[in-house]
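Here is the structure we will look at.
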Amino acid sequence: MKTIVVVPCYNESNRLPQDEFVRFVESNDEVAFLFVNDGSRDNTLSVLQALTERHEHLMLLDLQPNGGKAEAVRKGMLYAAEHYDCQYLAFWDADLATPLNEIPQMIAWADKGYNMVMGLRLMRLGAKVRRKTVRHYLGRCFATVASIMLDLPVYDTQCGAKLFSKQVVLDIFPESFITRWLFDVELLARYKKRYGPLKARENIYEYPLFKWEDVDGSRLKKKDFIKAPVELLKIWNRYR
Ligand SMILES: Nc1nc2c(ncn2[C@@H]2O[C@H](COP(=O)(O)OP(=O)(O)O)[C@@H](O)[C@H]2O)c(=O)[nH]1
Ligand SMILES: [Mg+2]
């Protein structure tokens, strides 16, 4: 398998588009999925057990108790890097706000030599990128501040679809994250610290997704937006 995609799942039993994952692995034999159940309180675990029976490229890691998205992604990425022979590792939101057919495109950019490829939600003519207005503008403000803080011309830090070479995963995932929702910003800060600002500008690629749609049922609350500036400051202080 060339690529393993980690899918964090917290109370996803009603929202997970199971058939789309099955269809995808049936037609892409270079990609496998590792679903990480993160101490869900609904029957996500049994849903995932049944789903991962349907194809050998659908796999399961069960974590207890709930540790949050950042920790589930981190543990899943490290587990996959250690246990499977693969070239790339990715993480992907379970609601498929980013459609699975963007995976091969992101792999293609990694094949060109980028060792970190980030989904970019760029609202533009001709693309099917739809974000709720408030979230869009809050997101743009956040991304602008994050970009200034990181001193990197990054446009969208928070998209839930990102792909890495195995070496980058082994370099920037082992340490626990200090924030719960801003771990993507931490990943960029760690990358820059590990490889330097020049490499961060040259070897990370933001790939503009053709399609991205807000899916209802987000676990993000208003208070998470309010806390964001403080969390950003924590990151700035920790990684400078
Ligand atoms: N492991 C874990 N994953 C979570 C948690 N909360 C959300 N997620 C996952 O993170 C992804 C994105 O969550 P979502 O609620 O759609 O957030 P948003 O679209 O970014 O607002 C999904 O795959 C969720 O299952 C959590 O507490 N633990
Ligand atoms: Mg979502």
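Every number in this text was worked out from the coordinates using simple rules, so none of it is lab data. Keep in mind that what you see is a predicted model, and the values were worked out from it rather than measured. Note: ideal-geometry Cβ built from the backbone for every residue, glycine included; neighbour counts use all protein chains shown.
Based on DSSP, what percent of beta bridges with both residues in the stretch 3-239 are antiparallel, to the nearest 5?
Beta bridges within the stretch 3-239, antiparallel portion: roughly 25 percent.
So what is the 222 nm mean residue ellipticity for the chain from helices alone, if each DSSP H run of at least 4 adds -39500 (n - 2.57) and you divide by all residues, rounding to the nearest 500 deg cm²/dmol? Walk me through the numbers before you get to the answer.
Working: 9 runs with 107 residues, N = 240.
Helix contribution divided over all residues of the chain: -14000 deg cm²/dmol.
At most 15 other Cβ atoms within 10 Å and a DSSP loop assignment: could you name the chymotrypsin sites (Phe, Trp or Tyr not before Pro) in the stretch 1-97 that fit?
For chymotrypsin sites (Phe, Trp or Tyr not before Pro) across the stretch 1-97 that sit outside H, G, I, E and B with at most 15 neighbouring Cβ atoms in 10 Å, the list reads 84.
Report the Cα centroid-to-centroid distance between the stretch 160-182 and the stretch 184-202 in angstrom, as an integer.
11 Å
Given the convex hull over the Cα atoms of the stretch 137-240, what projected area results after averaging over all orientations, in nm²?
7.1 nm²
Across the Cα atoms of the stretch 3-239, what radius of gyration and what greatest pairwise Cα-Cα distance (Dmax) are found, in Å?
Using the Cα atoms of the stretch 3-239, the pair Rg, Dmax is 16.8, 46 Å.
What residue among 127, 173, 196 has its Cα farthest toward the positive end of the dipole of the stretch 118-240, where the charges are +1 on Lys, Arg and -1 on Asp, Glu, each on the Cβ?
Ranked along the dipole, the leading option is 127.
How many angstrom separate the Cα center of the stretch 60-99 from the Cα center of the stretch 31-50?
Measuring centre to centre over Cα atoms gives 11 Å.
Mind pulling the angle between the C-alpha long axis of helix 183-195 and the longest principal axis of the chain? Nearest 10 degrees, somewhere in 0 to 90.
With both axes taken from Cα atoms, the answer is about 70 degrees.
Hey, if you drop one equal point scatterer on each alpha-carbon of the stretch 140-184 and run the Debye formula without solvent, what base-10 log of I(q)/I(0) do you get at q = 0.15, 0.30 Å⁻¹?
-0.47, -1.15
Roughly how big is the chain's charge dipole about its Cα centre, with Cβ charges of +1 (Lys, Arg) and -1 (Asp, Glu), in debye to the nearest 20?
Here the size comes out at about 1300 debye.
How many percent of all Cα-Cα pairs in the stretch 1-104 sit more than 23 Å apart?
That fraction is 16 percent.
Which one of 232, 50, 72 has its Cα pushed farthest toward the positive end of the charge dipole of the chain, where Lys and Arg give +1 and Asp and Glu give -1 at the Cβ?
Farthest along the dipole direction, towards plus: 232.
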